[in-house]
There are 2 protein chains.
Amino acid sequence: MKRIAALLQSDPSLHEITVRGWVRSFRNDRFIALNDGSCLGNLQCVIEPENFERELLDQINIAAAVAVTGTLVESEGSGQRVELQASKVKVLAPADPEDVKKTVLSPKRHNLETLREQAHLRVRTNTFGAVMRVRAALSFAVHRYFQEKGFYQAHTPILTGSDAEGAGEMFRVSTLDPKNMPLNEDGSVDYKQDFFGKESNLTVSGQLEAETYAMGLGQVYTFGPTFRAENSNTSRHLAEFWMIEPEVAFNDLQDNMDLAEDFIKDVIAYAMKNCAEDIEFLENRLQQEEKSKPEADRSPMPLKEKLEFVLKNHFKRVSYTEAIEILKSSKPNKKKKFNYIIEEWGADLQSEHERFLVEKHFKCPVILFDYPAKIKAFYMRLNEKDKEGRETVRAMDILFPGIGEIVGGSQREERYDVLKQKMETMGIPEEELWWYLEMRKFGSVTHSGFGLGFERLVLFVTGMTNIRDVIPFPRTPGNAAF
Amino acid sequence: MKRIAALLQSDPSLHEITVRGWVRSFRNDRFIALNDGSCLGNLQCVIEPENFERELLDQINIAAAVAVTGTLVESEGSGQRVELQASKVKVLAPADPEDVKKTVLSPKRHNLETLREQAHLRVRTNTFGAVMRVRAALSFAVHRYFQEKGFYQAHTPILTGSDAEGAGEMFRVSTLDPKNMPLNEDGSVDYKQDFFGKESNLTVSGQLEAETYAMGLGQVYTFGPTFRAENSNTSRHLAEFWMIEPEVAFNDLQDNMDLAEDFIKDVIAYAMKNCAEDIEFLENRLQQEEKSKPEADRSPMPLKEKLEFVLKNHFKRVSYTEAIEILKSSKPNKKKKFNYIIEEWGADLQSEHERFLVEKHFKCPVILFDYPAKIKAFYMRLNEKDKEGRETVRAMDILFPGIGEIVGGSQREERYDVLKQKMETMGIPEEELWWYLEMRKFGSVTHSGFGLGFERLVLFVTGMTNIRDVIPFPRTPGNAAF
């Protein structure tokens, strides 16, 4: 049985077919707009009301499921090539209009918060159908890209006995009786009695494990859920999100930037090509939404133009040191408009600084690299000191307009002695990460990788503004419903 | 820079190239077997020892990383089309032979338990390189299959506030201070103070959420990690494993069986085609391993023959009721060789019964369907009672030789009243799953799906015998290392 996405591309035919889907609207007892989720578009099914019982017509309600039999004919009015001239309609599953009225399935504009409260139904709306189809296309594009480049997916673990990475606050996982935790003599919890025989957490990143696989298979990537137990109630943070982490043996930081830029452009291009209808719809949605915003808060470009712009332009590559100079002499810094005034080299960049660089100064995606060693993770490759004796690491962050950081990556410290020293200095326990260190003894080559927060990519491509609206069932502080 | 998988397929050429990889062996100061993880095969690099310093030659050790420059010439001895006539060798990263000797990188047969203890290095052995490349190919094949059939991937949540499904014991997730849990007046834990404001667990299945997406997008699938906090120390169970769960609107149980069989055959065929060299190697490995086993425990067929057999034969479809008849009159039942003797209709089938049906009776994959309602989950579609008044549900399990259950699925109960009644009877709290029930009010059509344990599929295709050897870093009771 053909689905509507395929039928809408078909030619008229005398061959009788049956189509199943859900009613999106039913006008004048005559025109059923039928949707089966395969695409945004509805198939218009035209019936002659006099050929049908009143009782049947009364069941053709919004959200009801029907099977319509008929022939595809040329469409005159509906803006589509074909419509279904229906000879038979069967109601497969009803929907009571009184019940529908109480939900987001009712045909009116619902605000996004209401839609979130009905996350089990919102995918049946045009907006969320479009978002989730784009999400799925991007997801497939990720696998396809790496497959074509000879990468192997490595399924790194979600449960981890090590909390040593320091990439963020972690969720603790346990099967101990919470009302009656076994304690050691010193009052600490006796995790020896727990499921894994030690304290266990949800991963914040698969990178360290992926590195071991890069040393075996050369080019690997992860694509799985990661977790942050941080109390961030913002439109850009989730407690559970999906992350993509490629890791490549023999790649240095330049190769890493090239890979990240090529990758992002490829998957965006894939979505634009394969989700043209959905993206068109989301562009219009965004324009509608922005009408209610003050001019200054509106996107400078329509959605598709913004995506094209990213594809066409090189990401601007700027060292941290250059960025600090630009920021120091910027208007908002001089006029003390920033919340955090940039005084000197070494300062950690805040989201306001990143937005200034991307949205005001360069007006394009920016790759910042070579950050001060002190503000970055222990595993990043140390550069030679510069003339002023300052220490930087081969880190890179990719900043996107409206999104902020979409990628964080680095060349990794491949030298055993340097890494061991760094772990000691930064208080990373060797007994937890002995394997990560030991790997540096055996043909430990230059290698690099990055992490891309998948939901931020989906946010960018769909033009949605809250990250809770680009994942089916968002997890945030206080919310694990469904 | 071309990788070795591509070079081994190339023609000889006078063009000078540089290849990077790790040394797998170095014979007679002359022949370097170089591997870069892109494939099982090594590139033979031939050097003239007199052209190189002794000091350099002494660093070309197993597991060291080198860059070799030269030209591809026709190979005479190595069993490959081409080899590299090397003019230059650069040691990129050394490996001390004394250190290597202590690890699984040393060139001898290591037992699988030792390899598990060095999970950060085992992917650099031939066996685990092959297994993980096959795993990655199967993983891509899954996405490709569903993509081509018009399915959308739905990323269902890992953290869940509902423990109502009853598919298995769950891990509890919390950020509360374990030494000082806040309690309610009645002595229970006050989860209102926890991160999500309620008790939260790791998911055992994305099915219920995926069903809501099938009602929106028509055809969806999940592919993500799932968890069981069960103290099962067997060769077929993991605490963390990856599961694939398609869910399709309008599919009944027959369609569901057709989909599962077609899907499994497609991804196996993909791996056979794209991982021929790795599977050949794994077949030989298995034959070696089986020599040490008593005849009765050996596989009846070599690996590739077994895979071909699955592709060529229909999966035998047998109702539970028929299966019980077969088992009741079977030799091991009559002679009381089963640990659980099958006495009557209604008995739950144990692994010994499943193995008998698959391996002794039918000698092919088997789909059992229409199980007694009492031994299956609440969400399965109830059949009409049979003549004897017995209640069955539209469940199906696919059983594979050597593996046991590889798929469990069902047509779902789409009727609001029946489901509500069932939830009440089986003690499923409506306040947890209100959304799952409510979905049945709005065009609730026939729909079906199944779950396939990805590691069991990898086990089957690679011929490995312990599930801990087909996932990079296995999680089992007492083990969350790395």
*Note down the accessible area of residue A:172, probe 1.4 Å, to the nearest 10 Å².*
30
*segment B:323-365, dipole about Cα centre (Lys/Arg Cβ +1, Asp/Glu Cβ -1), debye to the nearest 20*: 360
*Mind listing the label-point distances from residue B:230 to the same position on all other copies, shortest first, one decimal in nm, points 7 Å along Cα→Cβ?*
3.7
*Treat every Asp and Glu Cβ in the protein assembly as shown as -1 and every Lys and Arg Cβ as +1, leave all other atoms uncharged, and give the resulting dipole magnitude about the Cα centre to the nearest 20 debye.*
940
*asked:* Spelling out what I want: for every residue of segment B:66-75, take phi, set θ = phi - 60°, compute 6.51 cos²θ - 1.76 cosθ + 1.60 (Karplus), and round to whole Hz; glycine and proline get x.
replied: 9, 10, 10, 10, x, 10, 7, 10, 4, 8
*asked:* Using a 1.4 Å probe on the protein heavy atoms only, what accessible surface does residue B:30 show? Give it in Å² to the nearest 10.
replied: 80
*Compute the separation of the alpha-carbon centres of segment B:415-454 and segment A:81-141 and state it in Å as a whole number.*
19
*Roughly how many whole Å is it from the C-alpha centroid of segment B:181-235 to that of segment A:27-53?*
39
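For the A and B pair, go ahead and give the buried accessible area with a 1.4 Å probe, both sides summed, in Å² to 100. Write down the numbers at each step before the final one.
Numbers: alone 24380 and 24370 Å², together 40040 Å².
Its buried surface, counting both partners, is about 8700 Å².
Local charge sum around residue A:158 (other residues, Cβ-Cβ under 10 Å, Lys/Arg +1, Asp/Glu -1)? Intermediate values should be presented prior to the final figure.
Numbers: positive: B:475; negative: B:240.
Around residue A:158, the surrounding residues sum to 0.
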*If the label for residue B:14 sits 7 angstrom from Cα along the Cα-to-Cβ line, what are its distances to the same label in every other copy, in nm to one decimal, shortest first?*
6.8
*Got a sec to turn the phi values of segment B:35-48 into Karplus ³J(HN,Hα) couplings, 6.51 cos²θ - 1.76 cosθ + 1.60 with θ = phi - 60°, whole Hz, x for Gly and Pro?*
10, 10, x, 5, 7, 5, x, 9, 8, 7, 10, 10, 10, 8
*Would you mind pulling out the separation of the Cα centroids of segment B:296-372 and segment B:464-479, in Å?*
26
*Hand me the GluC sites (Glu not before Pro) from segment A:28-73 located in a DSSP loop with no more than 14 other Cβ atoms within 10 Å, in residue order please.*
A:53
*Can you pull out the GluC sites (Glu not before Pro) in segment B:64-155 that DSSP calls coil and that have at most 13 other Cβ atoms within 10 Å?*
B:76
*What net charge do the residues around residue A:19 carry, taking every other residue with its C-beta under 14 Å from that of residue A:19, with Lys and Arg at +1 and Asp and Glu at -1?*
+3
*What shape does chain B take by its C-alpha gyration tensor, where a ≥ b ≥ c are the square roots of the eigenvalues and a/c under 1.5 counts as rounded, a/b above b/c as prolate, and the rest as oblate?*
prolate
*asked:* Label position 7 Å from Cα toward Cβ: report the copy-to-copy distances for residue B:426 in nm, one decimal, ordered from shortest.
replied: 4.9
*For residue A:420, what charge total do you get from the other residues with a beta carbon under 12 Å from its beta carbon, if Lys and Arg give +1 and Asp and Glu give -1?*
-1
*asked:* As I understand it, the dipole of the protein assembly as shown uses +1 on the Cβ of Lys and Arg and -1 on the Cβ of Asp and Glu, about the Cα centre. Which of A:244, A:119, A:257 lies farthest toward its positive end?
replied: A:257
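Using a simple charge model, +1 on the beta-carbon of Lys and Arg, -1 on the beta-carbon of Asp and Glu, nothing else, what dipole does segment A:4-102 show about its Cα centre, in debye to the nearest 20?
Values: 10 positive and 15 negative charges, 59 e Å.
Dipole about the Cα centre, nearest 20: 280 debye.
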*Taking only DSSP H segments of four or more residues, each worth -39500 (n - 2.57), what value at 222 nm results for chain B once the sum is divided by all its residues, to the nearest 500 deg cm²/dmol?*
-8500 deg cm²/dmol
*Which three extents, in whole angstrom, do the alpha-carbon atoms of segment B:4-102 cover along their principal axes, largest first?*
38, 29, 22
*Given A:90/B:376; A:102/B:192; A:376/B:90; A:374/A:420; A:331/A:387; B:2/B:273, which pairs have Cα atoms separated by over 25 Å?*
A:90/B:376; A:102/B:192; A:376/B:90; A:331/A:387
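In segment A:353-442, what trypsin sites (Lys or Arg not before Pro) fall in a loop by DSSP, with at most 11 other Cβ atoms inside 10 Å?
On the way: sites: A:355, A:360, A:363, A:374, A:376, A:381, A:385, A:387, A:390, A:394, A:412, A:415, A:420, A:422, A:440, A:441; in loops: A:363, A:376, A:381, A:385, A:387, A:390, A:415.
In loop regions of segment A:353-442 (DSSP not H, G, I, E or B), the sparsely surrounded trypsin sites (Lys or Arg not before Pro) are A:385, A:387.
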*asked:* Cut-off under 17 Å on the C-alpha distance; same-chain residues fewer than 8 positions from residue B:304 excluded. Which aspartates and glutamates are left, in chain and number order?
replied: B:266, B:277, B:278, B:280, B:283, B:289, B:290
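The values are calculated or read from the model by the stated rules, or taken from the named source; none is laboratory data. Everything quoted here is computed from the prediction, not taken from an experiment. No Cβ is skipped: glycine too gets one built from the backbone with ideal geometry, and neighbour counts run over all protein chains shown. Keep in mind that these areas ignore ligands, DNA and RNA; they rest on the heavy atoms of the full protein, side chains included. Shrake-Rupley method; radii C 1.70, N 1.55, O 1.52, S 1.80 Å.
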